[in-house]
Structures are given as structure tokens and as C-alpha cells.
Amino acid sequence: MKIPSVLHNKQFIKLWISQMCTVTGLNIVNFVLLLRLFDRTGSTLAASFLWISYSLPILLVGPIAATVVDIVNKKRLLTITTLLQALTILLFLFTGDRYFLLYAIMFIYSLFSQFYLPSESATLPNLVRKEDLPEANGMFLLTKQAGMLIGYGSAGFLTLLLGFQSTIILCSSLLALACISVISLPTMKAIRKINVEQDLAQFFSKVGEGYLFIKNNKSILYPVLLVAGSEMIMLIVAINMPALARDILHIRIENAATYIIIPALTGALAGVMLFPKLLKQGLRKKTIIKTALLILAFCFLAIGLLLNFLPIPTRLWMLPILCLVAGFCFIGVEIPAQTFMQESTPPEMMGRLWGNLWFMSTIATIAPMFLSASITEFLGVDTFFVILGIVIFIAWFYAERQIKDHSMEPIKEE
């Protein structure tokens, strides 16, 4: 098997290791906390508040953080934020059963993440060649999915083997390693120096520029909406995952990783390996996205409409297959859309694009998060997946009508 050319880039590998440690550490912590909340409360709504705690900083400082990325040294920002994240994770050692403290610490962790995530995304195009961006995006999505696979798949095992406190310390150590990895990145000078008196007044104007750039460029707007929607759906599904394990499969929630998460992430890994190759071979981005959306809609409809009519043994092998296909299709939406966004965005707008993307997807997720949790609580998790399948089918129909042949291809340079 040919080694991806981007793996010969030492600077990319440093950023990649940092992302790997960050994603894995956070997902272990997230799943440990999610299982603890659901196990002790039996409520999807209680679990959803964990995400709300994470999302509030995105709403409060997300656009400003994205603006900061464009005017400060990205290497320094990556180093500081990963260090602060490592220290913040250690605070979970002192929460016990006091859920309000758990939510508060998650809020603090997310506050630092708002500066790390757009810094990471804006740094990537500075480290790799334009022709290597599909591979680099594929590797980053590979890490994201692998980090979820390792984190969610090992969280229960690590808690049983090491205990809650040692697991938290391990996650903090991963974030410390992420900090060490980015220290030796090349210095990426700020576009200009910060002048407090001038820049404080210009922060919100720059935020506005970011939104206007997205709004006024339909070729950017459509992939932004696709990526934001994809991230929103993955998050909502993850919050409802314990209920899916309990109510559809009738298994212990600690075993959810085996039947739901690992198959889904295995499909995602397969997508990460395949879709960059298809893009390099010339398959159009819009074709991949439309096909992935349609198949994804049918997967969720099958989970909601079909599984309850099957015997338990059949569900135990059919649901993993549906999850594997769904994970594959999620990547079929994200890689083409993200690659196009990076190809078509000026360097000075990169931080604001990605920061505003996470900000927009977070705002868009708040109402569906509570709605999905309420649907699961009162109508059942099967009803939730039927509604989700219908929503994705509508997204496919919209993409079929709105994404034109030229709208997902980069503008050629003169």
C-alpha cells in the first residue's frame, strides 16, 4: 500500500499528533461522563446538558476566537490552548456526584477549545501543499474517527481497569503530549500585530466579515451548511446512543461501543481511506455528497422503522451493519465539502471561516438537541431516528436542487 504523500511532511505529522491526542483524550472523557450521567439518571436530557455546557462558550466567544486566530501567532495559540486543556481535564477529579461542577468544568474546557479548533484548521493549509489537502483532510478525519473509536471503545474498559481518576489523569497526559507536539511547529506570524485600542473595536467587524464572506459566496455557503449539518447530526446521534442500546438492542449501555460506535467508526475509517482517492481520480464532489446523503437517510429510516419488528438476535447484527454504512456516508459528506471550503477560501479568512462554522453549527444544534432528547424520552428512540431520516432525505432533495454542477468545484486560477 502506498503511503500518503502528506505523511512525508514532518510539520503535518506534528499537527496530526496533536490532533490525535486532543481528540482521543476528549472522547474518552466525554464517553466516561456520558455513561456516568445516563447510568445514574436514566435520562437523555441529563446527558444533553453535558453538550450544552460544552456549547455555551462557542456561542459566547466562538466568533471572537476565530478572529483572534487570524491576527495572532497560530503556533503560540495551539501551544497555550493544549496546555490549558490538559490542566482543565484534571479538575474532573474533584467533581464526584456534583453534576453542576461537572458541567462547569466542561464549560471551561470548551472555552479553551474555541481557540484551538480554528487554529488547527487554519494552520493545516500553511503546512501542506494545495494538492495534498484532500489527503490531509482525510488524515484529520481519520484521526477524528479513530479518536472517537479509541475513546468511546476504550472508555468503559479503562474505567473498569484503571478507575475513574486514573482514566482522567491519562486523558490529561494525552493533552500534555499534544502541547509538546505543536511546540516545534514553524512560527506562523500573525497577519498583523495586535493593538488593543484598535483591535478591540475591530473584533466584531471582523466577525461580521466572516459571516458576510460565507453568506455572499454561495459556493462556500452550501458546503458550510453541509458540514455544519453533518456535525450536528453526529452529535445528536451520540447523545441518543445509550437510549438506542437500551431500548432497541436491550443491552447494557456499556456494550454500546461494540454494536454501535465501533461499526460506525469503522465505516468512517473506510470512507476516510476511499474518498480522498476518489477525489484525486476526478469524481465530482457533488456526486459523492448527494449519494452519501441519500444512503444515510435510508439507514436512519431503517433503524427507526425496521428494527423493532425483528427479533433481538437479528437486530444485534443488522444494527452494526447500518451503523457501518452510516459512518461511511457521513465521511462522504464531510471530506468533499471541507476540501472545497479550504480550496476556495483566502488564507486571511481561513480562521474566521472555520470558527464561524463551529459557531453556526452549535447554534443550529441547541434546539434539535433538546427536541431529540424530548422525542426520545416521550416517544421513543425509534421515532427519533424516523424523524432524523426524513430530515436527511429533505437535505438530499435540497442538495439535488441547489448544488449545481459548478458550485462544488474550485474556481480555476487565471
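The values are calculated or read from the model by the stated rules, or taken from the named source; none is laboratory data. Everything numeric in this text was worked out from a predicted model, so none of it was measured. For neighbour counting, all protein chains shown are included, and Cβ atoms are generated from backbone atoms with ideal geometry for every residue, glycine included.
What the table shows:
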read-out: Any hit, the stretch 63-76, residues being surrounded by fewer than 17 Cβ atoms within 10 Å (Cβ to Cβ), without any contact (Cβ under 8 Å) to a residue 40 or more places away in the chain and of a type outside the set (A, V, I, L, M); value: yes
read-out: Tabulated pairs, the stretch 1-30, first closer than 16 Å to Val272 by Cβ and outside any helix (DSSP H, G or I), second of a type outside the set (A, V, I, L, M, F, W, C) and at pLDDT below 85, C-beta under 7 angstrom, 6+ apart or interchain; value: Pro4/Glu135
read-out: Selection status of Phe275, under 24 Å from Glu231 (Cβ atoms), part of a helix (DSSP H, G or I) and more than 21 Å from the chain's Cα centre (by Cα); value: no
read-out: Among residues of the stretch 159-171, those that are at pLDDT 80 or above and either basic (Lys, Arg) or surrounded by fewer than 20 Cβ atoms within 10 Å (Cβ to Cβ) (or both), counted; value: 8
read-out: Breaking point among (1) closer than 22 Å to Thr383 by Cβ; (2) within 23 Å of the chain's Cα centre (by Cα), for Ile248; value: (2)
read-out: Unmet criterion (only one of (1) surrounded by fewer than 21 Cβ atoms within 10 Å (Cβ to Cβ); (2) closer than 17 Å to Ser154 by Cβ) for Ile17; value: (2)
read-out: Checklist (1) at pLDDT below 65; (2) basic (Lys, Arg); (3) within 20 Å of Leu293 (Cα to Cα) applied to Arg401, failing item; value: (1)
read-out: Long-range neighbours under 6 Å by Cβ, at least six apart or interchain, first residue modelled with pLDDT of 85 or more within the stretch 281-292, second surrounded by 23 or more Cβ atoms within 10 Å (Cβ to Cβ); value: Ile288/Gly332; Ile288/Pro336; Ile289/Val333; Ile289/Pro336; Ala292/Cys329; Ala292/Gly332; Ala292/Val333
read-out: So Leu388, is it at pLDDT 80 or above, in a helix (DSSP H, G or I), of a type outside the set (Val, Ile, Thr) and surrounded by 14 or more Cβ atoms within 10 Å (Cβ to Cβ); value: yes
read-out: Which numbered condition Thr95 fails, given (1) in contact with a helix residue (DSSP H, G or I) (Cβ under 6 Å, 6 or more places away or on another chain); (2) more than 24 Å from Trp51 (Cβ to Cβ); value: (2)
read-out: Selection from the stretch 219-251 of residues that are over 21 Å from Ala373 (Cβ atoms) and either of a type in the set (S, T, N, Q) or free of Cβ contacts under 8 Å to residues at least 40 places away in the same chain (or both); value: Ser219, Leu221, Leu225
read-out: Residues of the stretch 295-308 that turn out to be of a type outside the set (A, V, I, L, M), at pLDDT 90 or above and closer than 16 Å to Leu244 by Cβ, as a count; value: 3
read-out: Search result, residues across the stretch 85-114 that are hydroxyl-bearing (Ser, Thr, Tyr), more than 22 Å from the chain's Cα centre (by Cα) and over 16 Å from Ser172 (Cβ atoms); value: Tyr99
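Table: residues versus (1) in contact with a Phe, Trp or Tyr (Cβ under 7 Å, 6 or more places away or on another chain); (2) of a type in the set (A, V, I, L, M).
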{"residue": "Pro276", "(1), (2)": "no, no"}
{"residue": "Ile288", "(1), (2)": "yes, yes"}
{"residue": "Thr291", "(1), (2)": "no, no"}
{"residue": "Cys299", "(1), (2)": "no, no"}
{"residue": "Leu310", "(1), (2)": "no, yes"}
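Results for (1) crowded, with 21+ Cβ neighbours inside 10 Å; (2) of a type in the set (Val, Ile, Thr); (3) in contact with a Leu (Cβ under 7 Å, 6 or more places away or on another chain); (4) under 30 Å from Ile288 (Cα atoms), shown as yes or no for each residue.
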| site | (1), (2), (3), (4) |
| --- | --- |
| Leu84 | no, no, no, no |
| Leu90 | no, no, no, no |
| Asp97 | no, no, no, no |
| Phe107 | no, no, yes, no |
| Pro118 | yes, no, no, yes |
| Leu127 | no, no, yes, yes |
| Pro134 | yes, no, yes, yes |
| Gly138 | yes, no, no, yes |
